[in-house]
Amino acid sequence: MRGDLVRKLTARVAATGLTVLAFLTLALTGATGWGLALAVAALAAAGWERRVRPAADSTAEAVLLAAAILVGYARRLDAGFDPALTATALVLLGLVLLVGPLRQAGDLEIRAANLPVRSWTPLVAARLGDALLVLLAGVALAAALVLPAVMALLAALAVGAVAGTVAAGLARRRLRPRAGGGAVTRVLRAHRPEFLLHFSAPPGSEYQVTMWLPYLERIGRPFFVMVREPEFLAPLAAATTAPVVYCPTLKAVDEALAPSLKVAFYVNHGAKNSHLIRFSQLTHVQIHHGDSDKAPSANPVTALFDRNFVAGRAAIDRYARAGVDIPAEKFVVVGRPQVEAIEVRRTPTPGPANPTVLYTPTWTGHHADANYCSLPVGDAIVRGLLARGATVILRAHPYTGQNPASARQLARLTELLAADRARTGRQHVFGAAASRELSLVDCVNRSDALVSDVSGVISDYLYSGKPYAVTDMVGDGDRFVERFPLAGSGYVLRRDAGNLDEVLDLLLDTDPKAAARWGTRAHYLGDFPAESYAEAFLAAARRELEPGWNPSVPHAADTAAQVGSPLSPTA
């Protein structure tokens, strides 16, 4: 999170600073060429800021830059009053004032991908800000080349015509909405979806959905993915053939609820889940995006859903241990279908000569009590593995870069592995090769053992039957296994990594807990046949879609309203 804040502040300072400098140079000095160059640099900085701060309001900067560029243009032409340049100034002023409101209005429009419908108006509205930056850069270039002002005017009028068309389209939708909803709504209803997956999360979280898409498709019923943030529309649409619909507002959510819908699935506890869970005609099913002993894995909000699909009995015990009271009939043990492709090693192979070890440090979490990140001692861990002749697969959590300190620590580890690979030829895997080119299943199958922080990776790795070590970064000592029972079938590495050699002996040589892991595996991941492991989830999901299947359980929407939670219908 701090890394993201640094990027946003840097972009803000660069855009504002260069804008002011360009304005002062063009308005107060005779260095027109330098001023125009600074204006172009300011426009580039503004474009970067739009990438890291999509909701940034750059109206003031755009006004200053437009004024500065026009002053420079007039100075270059040196022809007194120029009607074309005056008209250009008026059009630019109108565009500067109009682009922001049009973008905001476009952001409130429902959009879709993987549906035979074109919702071009909100898409163009979202790009008008970029078009304005390009237009201003073009006017600055025309000024630098001393081109006739009429050329700048024609370019401004072209962009203005597009903006006017967008404004007319958006106004028509507001003032004269169609009775059956917009084009996206009509086509979506014709698709007759039986269920949806609702998703809202911070940027970079699409993995929470992509891990489930193949299994949602295998249910064999029409569905769609509802996203609440625009940045997820394109990547999720590329990961599935199912429709992906962006619903920015409560009104858009209402429009997207086709009468054919029966079930809503959720993969996290995002606050915007409340916008959908208020609909009592749907069965609301929480399927999570991993299983672990982390504190957030026993979130009390889970009690509000109609069903809680969990990997194994351990998850049910976890809620009870945390004092979260959820009726037993709300739980459905479905396994963790994502592990079905993991190769199972049933015969222990202690002491491999040149082991491959997967190291998966997690991120620092939103709160201090959920910080299980081992990157502060990652250097010691990696050096210890290299000393054992291990080939290391370093796969960090997608959120690692949000913390500058974690990002620096991870960079040091990649440098260490790159240097060792150059020196020894061992084919360590890190960076994009480990996080994008290989899936987690690929990494598990390539490795002989795991070193991990408290995270869902351990549960997935448990399916393989291979040994794992868990870092105790909370410093619980003897109470660590009590708080994180999954560590009981692994080897616990202390917070200071002081027992690293002992842990690596157990992990890579003797592995005395090999037999005990099989009982833990069934407890955490269910006891389902390997050849049909994913069928447990698919059967449970299909059962929720059957008409009349509705055991007597308080409904999520009704429960939310009774307890006066933020998930009530007034949310």
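Could you provide, to the nearest whole Å², the per residue accessible area of segment 43-98 with probe 1.4 Å?
Values: 2720 Å² over 56 residues.
About 49 Å² of surface per residue is accessible.
Checking the a/c ratio against 1.5 first, then a/b against b/c, what shape does the Cα gyration tensor give for segment 477-522? If you can, show how the numbers build up before the last one.
Details: a/c = 3.37, a/b = 1.17, b/c = 2.88.
Oblate, since a/c reaches 1.5 and b/c is not below a/b.
Assign one of three labels to the chain, namely rounded, prolate or oblate, based on the Cα gyration tensor with a ≥ b ≥ c the square roots of its eigenvalues; rounded applies when a/c is under 1.5, prolate when it is not and a/b is larger than b/c, and oblate otherwise. Walk me through the numbers before you get to the answer.
On the way: a/c = 2.73, a/b = 1.49, b/c = 1.83.
Cα axes put the chain in the oblate bin.
Let me check something: with ligands and nucleic acids excluded, how do 206, 415 order by accessible area (1.4 Å probe), largest to smallest? Write down the numbers at each step before the final one.
On the way: 206 60, 415 120 Å².
Result of the area sort, largest leading: 415, 206.
To the nearest 20 debye, what is the magnitude of the charge dipole of segment 376-511 about its Cα centre, counting +1 on the Cβ of each Lys and Arg and -1 on the Cβ of each Asp and Glu?
Values: 15 positive and 18 negative charges, 109 e Å.
The calculated dipole for segment 376-511 is roughly 520 debye.
Of 120, 34, 48, 212, which has the most accessible area with a 1.4 Å probe, and how do the rest follow in descending order? The partial results should precede the final answer.
Details: 120 130, 34 190, 48 105, 212 5 Å².
Descending accessible area places them as 34, 120, 48, 212.
Considering the dipole of the chain built from charges on the beta carbon (Lys and Arg +1, Asp and Glu -1) around the Cα centre, which of 357, 477, 114 is farthest to its positive end?
114
Net charge around residue 514, counting only other residues with Cβ within less than 14 Å of its Cβ (Lys, Arg = +1; Asp, Glu = -1)? Mind dumping the intermediate values first?
Working: positive: 345, 346, 466, 513, 517, 521; negative: 448, 509, 511.
Local charge sum for residue 514: +3.
When Lys and Arg each count +1 and Asp and Glu each count -1, what net charge do the other residues less than 14 Å away from residue 39, Cβ to Cβ, add up to? Before the final figure, lay out the partial values.
Working: positive: 75, 76; negative: 61.
Local charge sum for residue 39: +1.
Just add up the charged neighbours of residue 312: K/R +1, D/E -1, any other residue whose Cβ is under 11 Å from the Cβ of residue 312. Don't skip to the end; give the middle numbers.
On the way: positive: 313, 318, 336, 521; negative: 291, 317, 527.
Value of the local net charge: +1.
How big, in percent, is the set of alpha carbon pairs in segment 106-192 lying more than 15 Å apart?
Above the 15 Å cut-off, segment 106-192 has 66 percent of its Cα pairs.
Using modelled amide H (1.01 Å from N, peptide plane; none on Pro or chain starts), what sits under 5 Å from the amide H of residue 391, excluding residues fewer than 5 places away?
356, 357
Give the calculated FRET efficiency between residue 436 and residue 77 to the nearest 0.05, with a Förster radius of 41 Å applied to their Cβ-Cβ distance.
Efficiency for this residue pair is about 0.20.
Just how large is the dipole of segment 175-254 about the Cα centre, in debye to the nearest 20, putting +1 at every Lys and Arg Cβ and -1 at every Asp and Glu Cβ? Walk me through the numbers before you get to the answer.
Details: 9 positive and 6 negative charges, 98 e Å.
The dipole magnitude comes to about 460 debye.
With the dipole of the chain worked out from charges on the C-beta (+1 for Lys and Arg, -1 for Asp and Glu) around the Cα centre, which of 288, 139, 263 lies farthest toward the positive end?
139
Could you tell me which residue out of 72, 31, 13 lies farthest along the dipole of segment 6-77 toward its positive end? Charges go on the beta carbon: Lys and Arg +1, Asp and Glu -1, centred on the Cα centre.
13
If you rank 224, 528 by how much accessible surface each has, with a 1.4 Å probe, what is the order from largest down?
Values: 224 0, 528 60 Å².
Accessible-area ranking of 224, 528, largest first: 528, 224.
Quick check: the distance between the Cα centres of segment 231-257 and segment 377-448, to the nearest angstrom?
Here the answer is 35 Å between Cα centres.
So who's got an amide H within less than 5 Å of the one on residue 492, skipping anything under 5 residues away but keeping other chains? H placed 1.01 Å off N, in plane.
Residues meeting the criterion, in which the H sits 1.01 Å from N, are 470.
Report, by chain and number, residues whose modeled amide H sits under 5 Å from the one on residue 332, excluding near sequence neighbours (fewer than 5 apart, same chain).
The answer is 308, 309, 310.
Ordered by residue, what ³J(HN,Hα) values in Hz, to whole numbers, does segment 26-41 give under the Karplus form 6.51 cos²θ - 1.76 cosθ + 1.60, where θ = phi - 60° and Gly and Pro are x?
Couplings: 6, 7, 10, 10, x, 7, 5, x, 5, x, 5, 5, 5, 5, 5, 4 Hz.
With both partners inside the chain, how many of the DSSP beta bridges are antiparallel, as a percent to the nearest 5?
The antiparallel fraction comes to roughly 10 percent.
Once you charge only the Cβ atoms, +1 for Lys and Arg and -1 for Asp and Glu, what is the size of the charge dipole of segment 1-120 about its Cα centre, to the nearest 20 debye?
Numbers: 12 positive and 8 negative charges, 89 e Å.
With Lys and Arg at +1 and Asp and Glu at -1, about 420 debye.
If you plug each phi of segment 50-63 into the Karplus form 6.51 cos²θ - 1.76 cosθ + 1.60 with θ = phi - 60°, what whole-Hz ³J(HN,Hα) values come out, in order, with x for Gly and Pro?
5, 6, 8, 10, x, 8, 5, 9, 10, 4, 4, 5, 5, 4
State whether segment 357-501 is rounded, prolate or oblate according to the following rule on the C-alpha gyration tensor (a ≥ b ≥ c being the square roots of its eigenvalues): a/c under 1.5 gives rounded; otherwise a/b larger than b/c gives prolate, and the remaining case gives oblate.
Working: a/c = 1.45, a/b = 1.29, b/c = 1.12.
The shape class here is rounded.
The values are calculated or read from the model by the stated rules, or taken from the named source; none is laboratory data. Please read these numbers as outputs of a predicted model, since none were measured by experiment. Every residue, glycine among them, receives a Cβ derived from its backbone with ideal geometry; neighbour counts consider all protein chains shown. Note: areas computed on protein heavy atoms with side chains; ligands, DNA, RNA excluded. Shrake-Rupley method; radii C 1.70, N 1.55, O 1.52, S 1.80 Å.
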